[in-house]
Structure formats: C-alpha cells, structure tokens
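Visitor: Before I ask anything, let me first share the structure, which is written out below as structure tokens.
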C-alpha cells in the first residue's frame, strides 16, 4: 500500500506568514482621521453657490488621502509574505509587480529574534537571519509569533544540514 506522504527530498511549505497586523494600525488611524475631518469640513461648508464645488474638493482630497495613505499600505501588508519551506526562506512582496528573495537554508548560519515590551504584548517582533554569502544579515520586522518562527526556522536549518550530510 502506497504512503500518502511526499518523499523526504521534496520541498514543502512549513509556515506562511504576513507581517503582524499592527502594521495596519497607522493606516486605519489615518482613515478614521480623514473621514472625521472630511465630515467636519462638509458640515462646516456654508450653503451657497460655491458649496457644491467646495464639497466636491473635500471629497476628492479625502479619497486621494484614503488611497495613498490607507489603501496602499494595507495592500502592501496583505501582499507581503514570508514562507518557510523545507529548503529555503522565501520573501515575497509587491502589489502590482512582485519582488522576491529566496534564502537557501544551507546558507543560514544564525537565527535570532528580539522584541520590546509592546511587541511582546502584541505577539510580534524582529527576526534576524545571518546568511553566509553576499546577503549577510537579513532583518525582518513585525513578524507574528516571532519566537515560534525563529524556533521553526532554526529546526529547519538543522534538518536540512542533517539531510545533506546523510546524502554524502
């Protein structure tokens, strides 16, 4: 009877995360302020012959602000991914055009993390990956459950080193 598990030498995804949700707090705060300011200005504009154009201008400015400082950062957050596979660390980002970097696990020499008091409360932090080669140090900020990600990445690096040593 055939096993349903893939062979050990096949690359498979282990963990896929987006930056922590706290990165969208500032855009959401800007959205609330923009809507509140636009509503206040719309109420404050006196009725008259130029009121229509003034209200239209307020609406257009509010929409531009919402697009530039709210929608774009939220889309950037949503389209940024960090993926750990059994062979590499993959970084992907970009809204319209995509960019990516792959770090083979065999080139990773050290994995550490740090987080301050607020990050600890929110469950996120900074992941520091040392890579042997031209890339040097990679610092990923706003990683959710950074301690678990660090432990998982460290274990994957050890597993890959053992797998390669067993092939020799």
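The values are calculated or read from the model by the stated rules, or taken from the named source; none is laboratory data. Remember, predicted model here, so these are calculated numbers, not experimental data. Here the Cβ is made from the backbone with ideal geometry for all residues, glycine too, and neighbour counts use every protein chain on show.
Visitor: Pick from 62, 68: which is surrounded by 17 or more Cβ atoms within 10 Å (Cβ to Cβ), over 15 Å from the mean Cα position of the chain (by Cα) and over 20 Å from residue 17 (Cα atoms)?
Guide: Answer to the check: 62.
Visitor: What pairs come out if I take residues in region 126-153 that are at positive phi and surrounded by 14 or more Cβ atoms within 10 Å (Cβ to Cβ) and pair them with residues that are at pLDDT 95 or above and in a strand (DSSP E or B) whose C-beta lies under 6 Å away, six or more apart or interchain?
Guide: 142/124
Visitor: Hey, another quick one. Name, by its number, the condition in (1) modelled with pLDDT under 95; (2) in contact with a helix residue (DSSP H, G or I) (Cβ under 7 Å, 6 or more places away or on another chain) that does not hold for residue 73.
Guide: Answer for residue 73: the failing condition is (1).
Visitor: Also: What's the total number of residues in region 72-93 that are touching a residue at least 40 places away in the same chain (Cβ under 8 Å) and surrounded by 14 or more Cβ atoms within 10 Å (Cβ to Cβ)?
Guide: 14
Visitor: Right, next: Here is a list: 51, 57, 8. Which entry is at pLDDT 95 or above and more than 27 Å from residue 146 (Cβ to Cβ)?
Guide: Result: 57 is the single residue among 51, 57, 8 that is at pLDDT 95 or above and more than 27 Å from residue 146 (Cβ to Cβ).
Visitor: Further, regarding this structure: Given the options 43, 96, name the one that is over 26 Å from residue 124 (Cα atoms), under 17 Å from the mean Cα position of the chain (by Cα) and surrounded by fewer than 11 Cβ atoms within 10 Å (Cβ to Cβ).
Guide: 96
Visitor: Hey, does region 154-166 have a residue that's in contact with a strand residue (DSSP E or B) (Cβ under 7 Å, 6 or more places away or on another chain), surrounded by 12 or more Cβ atoms within 10 Å (Cβ to Cβ) and either in contact (Cβ under 8 Å) with a residue 60 or more places away in the chain or in a strand (DSSP E or B) (or both)?
Guide: Yes: region 154-166 contains one or more residues that are in contact with a strand residue (DSSP E or B) (Cβ under 7 Å, 6 or more places away or on another chain), surrounded by 12 or more Cβ atoms within 10 Å (Cβ to Cβ) and either in contact (Cβ under 8 Å) with a residue 60 or more places away in the chain or in a strand (DSSP E or B) (or both).
Visitor: Determine if region 115-132 includes at least one residue that is touching a helix residue (DSSP H, G or I) at 6+ places or on another chain (Cβ under 6 Å) and more than 17 Å from residue 17 (Cβ to Cβ).
Guide: yes
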